[in-house]
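Readers should treat all values here as calculations from the given coordinates under stated rules, not as data from a laboratory. Being a predicted model, the structure only gives us computed values, none of them experimental. We place every Cβ from the backbone using ideal geometry, glycine too, and count neighbours over all the protein chains shown.
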Amino acid sequence: MARTQAADYGERRGAIIEKAAALYAERGFQGASIADLAEALGISKSLIYHYYPSKEDILFDVMHSHVRALLDAAEAVTARGLPATEKLDALTHDFMRLYVGAASRHKVLLNELARLPAKQRETVVKIQRRLIDIVETLIAEIRPELRARRPAAMLYFGMINWTHTWLDPDGKVTPAKVASLANTIFLDGLSKGDF
């Protein structure tokens, strides 16, 4: 007979992921052991292994949960019946909101992707490519004559992907204001760019 899961199974996995994200962001994936993670959580290593078979599986969940949240937001925005410029604005605001709430996960994604086993890395990269495709499609709707849509999409992500390194969510400039500024700069450049 199969063992039943505890009612708080998902919550416990979530707690492991949150603490692992913070630890990996601070020390790097290789600089933080399962023993370090167990100590930070105040639980045993064996309990962590009850929830995750390997350290790489924890790393995968840190990254996958982050990119999946971004993709869910992007798909929800693109499903709305808005003009493309308004969709891009909503998308930028949603991305910034998610980046602020997941700065450690975002840092781990940017710095530790190569540490994932090939199949898991492929899963994460596929989602990242889908996100780029969504932005590229919006760019095509905004500027159909633009040939360099992929470079423009990459420039868009280049503007917002590193905000976790300098943006203070409690500072004078809110994440929403940064999202509005990034969107304005991008759309203004897109309207004038000839590439």
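Taking each residue as 0.36 nm, the span from Ala176 to Ala40 lengthens on full extension beyond its C-alpha to C-alpha distance by 45.7 nm. Across region 55-192, the convex hull enclosing all Cα atoms gives 105 Å³ per residue. Ranking Phe186, Ser46, Ala25 by Cα position along the charge dipole of the chain, where only Lys, Arg, Asp and Glu carry charges on their C-beta atoms, puts Ser46 farthest toward the positive end.
In a fully extended conformation the segment linking Arg97 and Asp168 would gain 24.3 nm over its present Cα-Cα distance, using 0.36 nm per residue.
Charged side chains reduced to their Cβ positions (Lys and Arg at +1, Asp and Glu at -1) give the chain a dipole of some 360 debye around its Cα centre.
Could you tell me which chymotrypsin sites (Phe, Trp or Tyr not before Pro) in region 83-176 are loop residues by DSSP with no more than 11 other beta carbons within 10 angstrom of their beta carbon?
Working: sites: Phe95, Tyr99, Tyr156, Phe157, Trp162, Trp166; in loops: Trp162, Trp166.
Counting only loop positions with at most 11 other Cβ atoms within 10 Å, the chymotrypsin sites (Phe, Trp or Tyr not before Pro) in region 83-176 are Trp166.
The label point for Leu47 and the one for Glu141, both projected 7 Å from the Cα toward the Cβ, are 4.7 nm apart. Normalising the average separation of contacting C-alpha pairs (under 8 angstrom, six or more residues apart) by the number of residues puts the relative contact order of region 60-195 at 34 percent. Applying 1/(1 + (r/R0)^6) with R0 = 35 Å to the Cβ-Cβ distance of Asp188 and Glu122 gives a FRET efficiency near 0.45. Anything over 28 Å Cα to Cα? Flag those among Lys19/Lys87; Lys55/Lys126; Lys45/Lys126, in the order listed. Flagged as over cut-off: Lys19/Lys87; Lys45/Lys126. Placing a pseudo-label 7 Å from each Cα along the Cα-to-Cβ vector at Ser65 and Arg80 gives an inter-label distance of 2.6 nm. Exposed loop sites are taken as trypsin sites (Lys or Arg not before Pro) in a DSSP loop (any state but H, G, I, E or B) with at most 12 other beta carbon atoms within 10 Å; the longest stretch of the chain without one runs 4-79.
Remark: spin-label model distance Arg129-Arg27 equals 3.5 nm, labels positioned 7 Å along the Cα→Cβ axis.
Partner aspartates and glutamates whose Cα lies under 13 Å from the Cα of Lys177, excluding those fewer than 8 positions away in the same chain, are identified as Asp89, Asp94, Asp168.
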